[in-house]
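Comments concern the structure below.
Bear in mind that the values in this text are calculations on the coordinates, not laboratory data. Since this is a predicted model, take the numbers as computed values, not measurements. Please note: Cβ atoms are built from the backbone with ideal geometry, for glycine as well, and neighbour counts cover all protein chains shown.
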Amino acid sequence: MKFVDEASIRVEAGKGGNGCLSFRREKYIPRGGPDGGDGGDGGTIYLIGDVNQNTLADFRFTRRFKAENGQPGMGKSCTGKGGDDLYIKVPLGTQVFDEETEELIGDVTREGQVLLVARGGTHGIGNIHFKSSTNRAPRQFTPGTPGEQRQLRLELKVIADVGLLGLPNAGKSTFIRAVSSARPKVADYPFTTLHPNLGVVSVETHRSFVVADIPGIIEGAAEGAGLGLQFLKHVSRTRLLLHLVDVAPLDEAVDPVADVRVIERELVNYSHALAEYDRWLVLNKVDLLPAEEREQRCQAIVRALGWQGPVFTISAMKQQGTRELCFRIMEFIEQQRASATEVDEADNE
C-alpha cells in the first residue's frame, strides 16, 4: 500500500546553451572578426515550502519535472536566454532524499523556504572569447554542460505540536473530533484510521496548537508490522505525546497496562530519542465505568505502570475533561516555543 505522505519523483535541470561560432558579416566591413555569443545557463530546480499544501498526493500523478534549457548563443555577440528556474511546491515537513545514494538533501520546514535539488547546466562560450593577436579568426567554442538529473524520494513528516498514541480503539479519532474541527472516521472496530489526521485546537484567540492522530501502531510496528512504521515517522516532530488508554475495554481479557507497555516497546525499538519525549497519560472512556469505580480503576492503572508523569482522566465522547487537558497542553506548548526562541536568539548572537 502506498501512502500519500511518500512520493518518488525525477527532476531534470536544464542544459546550458552552446556557445556560438559566428563571424561578423556586414557590407563594407571586411574581416569583421568573431562575434559568436555565449549560451544561456540551464534552469535550476528548487523545492519551495507552501503552507497551503497538506499532502504529497499530487506527486502520484506528476512524477517528472524538467526545467527549461538555456538557449544557444547567437551572432552579433548576442547571449542566449537562460532557462527559467522551476519551483516545485511541497508541504511543510517534507524531507528530500537522493534515492540512489540515500543522501538527505534537505528538509523543508518553513513557509517560502527554498531548497535546491538539481542545478542547471553552465552556458557554453562563444568564439568571440577566443580571439587574440595571433588567432584572429578563432573557430573554437564550448558546448553547454548538461543539468543535474536526480531521482528523489520525498517523505512528509507531519509537523504537529501534539501526537496521539494508543492502540486501535483507544479513542484517538474521537478525541481529535472533540477538541478540533477535524472529522476523522470513527467506528467501533480496529484500524478505522488509515491516514494521519491533523486538527487545529484553538483554546483562545491567537492561542492554538496542532494535534496529529497517529494510527496503526500495533505490536511489531517498529519492525514494519501493520501500518505502524509508516506513522511512527510522523510523531518524531511533535513536542508532546499524549498516550491514550481505554480504561473500559469491551473485552474483559484486554489489559490497559499491557496495552501501554506495547506502545512503549515500539517507541523504544523505533527511536530511543522519541521514547524520551514528554509523554502524558490520558485515561479515556471513564464515562463507561460506574462512578464509584472510576477513581479506583484509574489509580490502579497508574500504580501498575509506575507512571511518574502527568495523568488525565477524560471522556472524549462526552467531552469530559478535554477542555482542561487542552489548556494544560497549550501552556506546555507555549513554554516549549519560548525556550526554542531563546535558544535561536542565543545562537544568532
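At a glance:
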{"item": "Highest to lowest packing among 24-32, 147-155, scored as the average C-beta count within 10 Å", "result": "147-155, 24-32"}
{"item": "Size of electric dipole in the stretch 121-161: Cβ of Lys, Arg +1 and of Asp, Glu -1, about Cα centre, debye, nearest 20", "result": "380 debye"}
{"item": "Computed over the stretch 258-305, the ratio Rg/Rh where both radii use C-alpha atoms and Rh is Kirkwood", "result": "1.09"}
{"item": "Overall form of the stretch 263-337 per C-alpha gyration tensor (a/c, 1.5; a/b vs b/c)", "result": "oblate"}
{"item": "Compactness index (Cα Rg / 2.2 N^0.38 Å), the stretch 43-160", "result": "1.44"}
